[in-house]
Amino acid sequence: MKNSKFKIVLLVTEKSWYVLSLLEMLSSEKKNEVLLLLKKNDSRNSISSINNNIKGIGILPTLKKLLRRLPVQFKFLKYKSKIIKIKSFSEVKKIHNVDISIAYNTGILGYKAYNHPVYGTICAHPALLPKGRGIAGSDQSILNNDPVGVTIFKIGSGVDTGDIFFQQEININKLYSYSDLRESLSNLSLILTIKSINAIKNGGKPYKQEAIFPYVKLDLFERKKAMKLWKEVFDRNKRHLI
């Protein structure tokens, strides 16, 4: 007999603020049963690792990063019973009666993994699909002078081509640093993910993407150009504060 609770599985590679917040908010709903499948992070597929590498390394950035993660690590002890360490995301198939999965920073998932839950697997993408497919969607947006935002979509056979639940633009005129950008993307991703879960529970259906734009993987030159453009945006916004 199917579990009466709505079973949600988080597929993740790191214990980030976003993951912690999702786990905490979803677990606070008594009708939810939430499990977190934690796979060792692979830097080749990690968007956060790419962002960190671009910012550079040093004693101060490293110290800030450690201090920021400490409360996250302590809070995760509260959910220890809900965390399962895995070697491959295909292990989600071993969990019975999964209603929905949420993928975060997983790289490309296999069909049997993302299609295992009753309602499939959803993912937050830092761009307004169908534009901005691929890694560094927000950087693609600034390079192409497109609106910046977040899309929650259902994972399918194509990369970032699945049906869309919700998407929303971010007002970049209120951003003053790259940290502000990342925080805005994370906050909006969290809000729209929870909104998508609630919609799925209430029988809501996603809509198909209007077009399929090319998958893009920015090279180092393009990433540096994007960072320069972002700096121009941040500097302009700071000047308007004076």
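The values are calculated or read from the model by the stated rules, or taken from the named source; none is laboratory data. Since this is a predicted model, take the numbers as computed values, not measurements. All Cβ positions, even for glycine, are placed from backbone atoms using ideal geometry, and neighbour counts span all protein chains on display. Remember, those area values only see protein heavy atoms, side chains included, never the ligands or the DNA or RNA. Shrake-Rupley method; radii C 1.70, N 1.55, O 1.52, S 1.80 Å.
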Exercise for the section: Look through PRO130, PRO147 and report the one residue that is in a loop (DSSP other than H, G, I, E, B), open to solvent by 60 Å² or more (accessible area, probe 1.4 Å) and over 21 Å from THR13 (Cβ atoms). Expected result: PRO147
Completion exercise
Sole miss for ASN237 among (1) among the polar types (S, T, N, Q); (2) within 21 Å of the chain's Cα centre (by Cα); (3) in a helix (DSSP H, G or I); (4) crowded, with 16+ Cβ neighbours inside 10 Å is condition (2)
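Across the range 116-127, what is the number of residues that are open to solvent by 50 Å² or more (accessible area, probe 1.4 Å) and of a type in the set (Val, Ile, Thr)?
The first filter runs over the range 116-127 and keeps only residues open to solvent by 50 Å² or more (accessible area, probe 1.4 Å), leaving 116, 118-119.
Of the ones still in play, those that are also of a type in the set (Val, Ile, Thr) are 118.
Residues in the range 116-127 being open to solvent by 50 Å² or more (accessible area, probe 1.4 Å) and of a type in the set (Val, Ile, Thr): 1 in total.
Pick out the one residue from LYS217, LYS228, LYS224, LYS195 that is within 20 Å of the chain's Cα centre (by Cα), farther than 19 Å from ASN32 by Cα and not acidic (Asp, Glu).
Numbers: LYS228 fails: within 20 Å of the chain's Cα centre (by Cα); LYS224 fails: within 20 Å of the chain's Cα centre (by Cα); LYS195 fails: farther than 19 Å from ASN32 by Cα.
After applying the criteria, what remains is LYS217.
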Problem - Flag if LEU229 is assigned to a loop (DSSP other than H, G, I, E, B), among the hydrophobic types (A, V, I, L, M, F, W, C) and more than 30 Å from TYR119 (Cα to Cα) - result: no
Problem - Those residues of the range 158-206 which are in contact with a helix residue (DSSP H, G or I) (Cβ under 7 Å, 6 or more places away or on another chain), open to solvent by 20 Å² or more (accessible area, probe 1.4 Å), closer than 27 Å to GLY110 by Cα and among the hydroxyl-bearing types (Ser, Thr, Tyr), in sequence order - result: SER186
Exercise for the section: Answer yes or no as to whether ALA113 is among the aliphatic types (A, V, I, L, M), open to solvent by less than 10 Å² (accessible area, probe 1.4 Å) and over 22 Å from SER28 (Cα atoms). Expected result: yes
